[in-house]
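The values are calculated or read from the model by the stated rules, or taken from the named source; none is laboratory data. None of the values given here were measured: they were computed from a predicted structure. Note that we place each Cβ from the backbone using ideal geometry, even for glycine, and neighbour counts take in every protein chain shown.
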Amino acid sequence: MPGTFTVAKVGDLVDGEAKVVDAGGKPVALIFARGRYRAFSNVCRHRGGPIGEGEVDLEQNTVICPFHGWQYDLETAQARLNPLAKLDNYKVEVVGDEVRVTL
């Protein structure tokens, strides 16, 4: 369902944290890294693992799928092993203390 959805409050995530949030009934991986929020599809392109349950590697600037370790660049959403495998990337904005994602 397209639209803009409030998915979290500022401060709900600490630096280097990922979590699965609900954006209008769609699970989205919300990541907070280096003072910036990012939102991606929650389905790994390799085997469908939950990206929002993965680990964020601040040194490599990636989120790592918990199923098989595929790494996705936080800037491009591309898989490190296969740049053609890219997560959907959603617009994130902070309005007041709300974190909003547009699908």
Single residue of segment 56-75 satisfying the filter (in a strand (DSSP E or B) and not charged (D, E, K, R)) that is farthest from residue 7 (Cα to Cα): 71
Search result, residues across segment 49-101 that are under 17 Å from residue 19 (Cα atoms) and either among the polar types (S, T, N, Q) or out of contact with any strand residue (DSSP E or B) (no Cβ under 9 Å at 6 or more places or on another chain) (or both): 61, 62, 69, 71, 89
Residues being crowded, with 24+ Cβ neighbours inside 10 Å and either over 10 Å from the mean Cα position of the chain (by Cα) or on the phi > 0 side of the Ramachandran plot (or both) - total across segment 24-43: 0
Residues (under 22 Å from residue 76 (Cβ atoms) and in a loop (DSSP other than H, G, I, E, B)) located in segment 1-20: 13, 15, 16
Residue that is farthest from residue 71 (Cα to Cα), among those in segment 21-55 that are assigned to a strand (DSSP E or B) and among the basic types (Lys, Arg): 26
Any hit, segment 64-75, residues being within 15 Å of residue 103 (Cβ to Cβ), of a type outside the set (A, V, I, L, M) and under 10 Å from the mean Cα position of the chain (by Cα): no
Pairs with Cβ under 7 Å, 6+ apart, first in segment 21-49 and closer than 12 Å to residue 72 by Cα, second modelled with pLDDT under 95 and not hydroxyl-bearing (Ser, Thr, Tyr): 46/68
Total residues in segment 56-103, condition surrounded by fewer than 16 Cβ atoms within 10 Å (Cβ to Cβ), in contact with a Ser or Thr (Cβ under 7 Å, 6 or more places away or on another chain) and in contact (Cβ under 8 Å) with a residue 40 or more places away in the chain: 4
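May I ask you to verify whether residue 39 is in contact with a helix residue (DSSP H, G or I) (Cβ under 6 Å, 6 or more places away or on another chain) and modelled with pLDDT of 95 or more?
no
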Failed condition for residue 2, given (1) farther than 18 Å from residue 103 by Cα; (2) out of contact with any strand residue (DSSP E or B) (no Cβ under 7 Å at 6 or more places or on another chain); (3) of a type outside the set (Ser, Thr, Tyr); (4) modelled with pLDDT under 95: (1)
